[in-house]
Amino acid sequence: MQEGDDVSSSPWKASVLTLYPDMFPGPLGTSLAGRALEKELWSLETVHIRDFAQGKHRNVDDTPAGGGAGMVLRPDVIGSAIDHVTGEGDTRPRILLSPRGKPLTQAKVRQLKEAGGVILLCGRFEGVDQRVIDGRELEEISIGDYILSGGELGAMVLMDAVVRLLPGVMGKVESGEDESFESGLLEYPHYTRPTIWEDREIPDILTSGHHGKIAQWRREQAIELTRKRRPDLYKAWAQDE
Ligand code: SAH
């Protein structure tokens, strides 16, 4: 992004730093996100970390100081790669996908959408030298309490969640508003034709045509589902009510 660029008018831009650039756009090149990419409703820049390695062997990683298993991504290589994609006046958040990060939430997704874009660093091996996390003020974000082999799938998850919210990407504007998490609750159950499937019927209320009662039923279902499945979300929601 150049100085003077108006973040609000240029499309949302993701710059991804990775050792596996061939993984992109991957699943983001099809369906909703892929069509949006073609229509330039967002843009994706993939940068190969190895291009910033020095010396004959172009090493991107080295053994951990203090000993132990595995390898660690070098701060000099990662620092250069980050500086390369950071334009002057570039205010996009710099994010390291990391199991130690704050869990990604729908609220965070909305915030990243508003930020106009992101710089995403995909870790590999044991992780990234702490000095470049501190020195480039990387924000660590986790996509869940499990360990992936690299940050690439995490980066895709994050981008997919943002891109579907961008203007013009989803068919109906309102389809983003009513979903799980947006109200603090999980979503109510859905039904469609056929009316009877394997002796199972659609709940009568949904075919009653009574919009007020349908809305009330859906809300009750959402509350009950959240209470049973996600007591943590339910507690937070009940406190706000
Ligand atoms: N040794 C690290 C795990 C390294 S996994 C630890 O115990 O914390 C290698 C890379 O995969 C990480 O650097 C990170 O970029 C990515 N990764 C793994 N799990 C992730 C998760 N849950 N969320 C986001 N990124 C993850």
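Residue 70 passes every criterion in (1) touching a Phe, Trp or Tyr at 6+ places or on another chain (Cβ under 6 Å); (2) surrounded by 15 or more Cβ atoms within 10 Å (Cβ to Cβ) apart from (2). For the structure I just gave you, tell me whether residue 36 is in a helix (DSSP H, G or I), at pLDDT 95 or above and surrounded by 13 or more Cβ atoms within 10 Å (Cβ to Cβ). Criteria met by residue 36.
Annotation: of all residues in region 88-141 being of a type in the set (Gly, Ala, Ser) and buried (at least 18 other Cβ atoms within 10 Å of the Cβ), the one that is farthest from the ligand (Cβ to nearest atom) is 116.
The values are calculated or read from the model by the stated rules, or taken from the named source; none is laboratory data. Not measured: the values here are computed from a predicted model. Ideal geometry is used to build each Cβ from the backbone, glycine not excepted, and the neighbour counts take in all protein chains shown.
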